[in-house]
1. Rounded to the nearest 20 debye, what is the charge dipole size of the range 214-310 about its Cα centre when +1 sits on each Lys and Arg Cβ and -1 on each Asp and Glu Cβ?
2. Where a ≥ b ≥ c are the square roots of the eigenvalues of the C-alpha gyration tensor, would you call the range 274-416 rounded, which needs a/c under 1.5, or, failing that, prolate if a/b is larger than b/c, or oblate?
3. I want to check the label-to-label distance for HIS246 and VAL187. Put each point 7 Å from Cα in the C-beta direction and report it in nm to one decimal.
4. Connecting C-alpha atoms closer than 10 Å in a GNM of the chain, tell me which of ASP333, ASP378, ASP18 has the biggest fluctuation.
5. Could you point to the label whose value was computed as Cα extents along the principal axes in Å for the structure here, given (1) 72, 51, 42; (2) 65, 63, 42; (3) 70, 56, 55?
6. Compare PRO256, PRO159, PRO396 in a GNM of the chain, Cα atoms joined below 10 Å, and give the one with the largest fluctuation.
7. What residues qualify as long-range amide H neighbours of LEU110, i.e. H under 5 Å apart, gap of 5 or more or another chain, H built at 1.01 Å from N?
8. Within the chain, how many Lys pairs sit with Cα atoms under 28 Å apart, leaving out pairs fewer than 8 places apart on the same chain?
Amino acid sequence: MPDEHDDEELDALEHPRDGVPPVVDDPDLLERAVDALTSGTGPVAVDAERASGYRYGQSAYLVQLRREGAGTWLVDPVPLPDLSVLDAALADTEWVLHAATQDIPCLAELGLRPRRLFDTELGARIAGLPRVGLSSVLEYYLGVTLAKEHSAVDWSTRPLPEPWLRYAALDVELLVELRHRMERDLVEQGKLGWAAQEFDALTRFTGPEQRPDPWRRTSGMHRVRTRRGAATVRELWRTRDELARHRDVTPGRILPDATLIDLAMRAPESEATLHRGATEKSQTRQRRAAQGLKRHAGAWVGAIRAAAEIPDRELPDLTTASDAPPPPRAWADRDPVAAARLTQVKEELAALSEHYEVPVENLLTPDTLRRVLWRPPDRDDPTAVAAALTAYGARPWQCELVAPVIAQALKDHPAD
């Protein structure tokens with residue numbers, strides 16, 4: 001899909017039209033914000049800034065809101081951790097967010113939860129835009145550019161610098177206008193119903209699925225080949241997580257994953273031998289690893305010794321049982337018929353993706369596709385397939401498009 005503004009000179013969005021508003025950081029200012037937003041009209045643009053990479057967890061350190069007739073409000077949730085009064089005021093209002101799954105969990109921590117929403121990132125995917133970042137979508141629909149130089153800063157910094165606040169205000173400056181223009185595009189393409197189903201599902205989103213044994217996701221875990229080594233990774237991971245939580249920093253700032261895996265594989269028995277591992281690839285990580293090893297030397301040795309004392313029968317398995325299908329690369333060996341089904345459906349979905357200009361992963365999540373094809377329903381008709389897809393969370397519009405494709409593949413490659 002061509003960009004609507006390819007031949008136009010784009011305007012840079014540098015200053016909020018009403019200036020940078022003061023930060024709402026006390027109950028009196030919050031009450032003023034609530035009154036203003038309540039008296040406003042139309043949807044409310046909402047955004048949140050986190051301190052990813054700096055702080056433990058994904059809490060919000062600034063909440064931005066803008067509504068017609070109310071202006072822009074920047075709310076500091078550090079002194080105001082309960083924003084339920086704001087939530088109540090906006091309960092019947094449609095919220096406009098960009099990449100809502102990133103912000104919904106941290107907003108929920110503050111008592112904020114949309115009942116209706118419009119996600120301009122997800123809407124852009126369904127509309128067929130090649131790039132779906134906020135700046136790119138604003139360029140496409142409104143012909144403006146948006147600087148993103150402060151997107152990765154430490155938003156837990158106080159006081160927040162004025163350039164950061166200006167950036168934060170601009171993130172919601174045109175979000176409602178963008179929503180209206182995108183809605184017209186979706187209507188013209190006949191996809192507004194699809195988008196509405198996706199937006200409705202997002203109102204029930206609570207956050208990424210919490211996997212058991214999160215320590216198993218440590219980068220480099222594949223290098224650990226023994227159960228004792230796995231137990232050592234687990235004890236080191238738990239120690240690092242506790243230290244990170246206590247200091248309120250991201251775990252990687254306590255000790256990089258590569259250094260943690262190296263410790264687990266070497267299992268040094270004393271603080272004097274902690275530093276004999278491999279060198280980190282970057283100077284920053286090398287410095288961080290050296291500082292983390294030195295600062296918490298006793299904790300690392302304690303974790304290693306704790307793992308060494310675990311009885312053999314209590315050691316964790318190297319792998320865990322899962323109800324998920326095997327990786328697609330293993331299908332041909334384990335079930336050639338299922339592999340043939342997968343190949344056929346992927347080709348058909350690629351064609352549907354091109355026809356409707358919707359990414360394949362938005363037509364149906366890869367995990368759902370693999371589960372239905374690996375353990376197909378008893379019948380190979382679209383109704384049975386649609387029921388199976390729905391059980392995994394697929395929306396009606398997805399079932400309508402994809403169920404016939406899967407049903408045909410089941411007929412062409414029936415299970416034994």
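Throughout, read-outs are computed from the coordinates displayed, never taken from laboratory work. Only a predicted model underlies this, so the values are computations on that prediction, with no experimental measurement involved. Note that each Cβ is placed from the backbone with ideal geometry, even for glycine, and that neighbours are counted across all protein chains shown.
1. Numbers: 21 positive and 10 negative charges, 57 e Å.
The dipole magnitude comes to about 280 debye.
2. Numbers: a/c = 3.29, a/b = 2.22, b/c = 1.48.
It comes out prolate by the Cα gyration axes.
3. About 5.9 nm, to one decimal.
4. Of the options given, ASP333 has the highest mean-square fluctuation.
5. Working out Cα extents along the principal axes in Å from the coordinates points to (2).
6. In this elastic network of the chain, the residue with the biggest mean-square fluctuation among PRO256, PRO159, PRO396 is PRO159.
7. none
8. Qualifying lysine pairs in the chain: 4.
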